[in-house]
Amino acid sequence: MILNFRNTSAVCAVFLLVSIGNFHKSAIATVNKQSQLIAQQSKSSSHPVFKSILPKLKQKTQIKILLPKFIPESDGENPIYAIIEAAMQKKYEILLGFSPNCTGGTACRLGIVSAEAVTHKTPRLTGKPVSLAKGITGYFVDFTCGANCSDATLTWRQQGVQYIVGIKAGDRTSLVKMANSAIN
């Protein structure tokens, strides 16, 4: 009987060790899958503000859509809305505003994101050259203020498309970060 008890105890001990070993591996696998999911979510293709308009944009335009992951002043204090102003085969214009029905008025306007296929009629790029991601040169144009302030803009060309990001009274550093988040 003692021999049988020892054998049973040994079998139980082995079973327990194997179970613990497998539990540990499954726990690690679960943690790793969650890490991968979180990593995939953080590598989204654009800022969440564009989620609602992206299907329509993809349906209407044939040029490569580049939307920034970073938008200045989108820290959550004030909601930001993306409003399609134009969506055609070779062009799109998106207004960034602080209200869902913003029409570009000065009080609700944050900025713009736009793109257009480059043609022989497209004007030359002007502004201060700045280095962007992937070796691209962008051109920064500062804002001006009169009765209202205009957008500071950053324009670059990539694969036959001219892209522009703009922020009302924006600064160069924020626009470079915004453009780079679209390029990468």
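The values are calculated or read from the model by the stated rules, or taken from the named source; none is laboratory data. None of these values were measured; they are calculated from a predicted model. For neighbour counting, all protein chains shown are included, and Cβ atoms are generated from backbone atoms with ideal geometry for every residue, glycine included. Note: accessible area is taken over every heavy atom of the protein model, side chains too, but ligands, DNA and RNA are not part of it. Shrake-Rupley method; radii C 1.70, N 1.55, O 1.52, S 1.80 Å.
If a residue has to be loosely packed, with under 12 Cβ neighbours inside 10 Å and either touching a Pro at 6+ places or on another chain (Cβ under 8 Å) or not polar (S, T, N, Q) (or both) to count, how many in the stretch 79-99 make the cut? Number of matching residues: 1.
Does N180 count as at pLDDT below 95 and either under 20 Å from Y92 (Cβ atoms) or open to solvent by 30 Å² or more (accessible area, probe 1.4 Å) (or both)? In short, no.
F15 meets the conditions (1) at pLDDT 90 or above; (2) aromatic (F, W, Y); (3) open to solvent by 90 Å² or more (accessible area, probe 1.4 Å) in every case but one. The failed one is (1). Only residues that are within 23 Å of K91 (Cα to Cα), in a strand (DSSP E or B) and either open to solvent by 70 Å² or more (accessible area, probe 1.4 Å) or not polar (S, T, N, Q) (or both) were counted in the stretch 119-146, giving 4. The number of residues in the stretch 100-118 that are at pLDDT below 95, open to solvent by 80 Å² or more (accessible area, probe 1.4 Å) and in a strand (DSSP E or B) comes to 0. Within the stretch 125-137, residues that are among the polar types (S, T, N, Q) sit with their Cβ atoms under 6 Å from residues that are in a strand (DSSP E or B), at 6+ positions apart or across chains, in these pairs: T137/P129.
Considering the stretch 28-78, and only residues there that are over 16 Å from the mean Cα position of the chain (by Cα) and either at pLDDT 90 or above or assigned to a loop (DSSP other than H, G, I, E, B) (or both), the residue that is surrounded by the fewest Cβ atoms within 10 Å (Cβ to Cβ) turns out to be E77.
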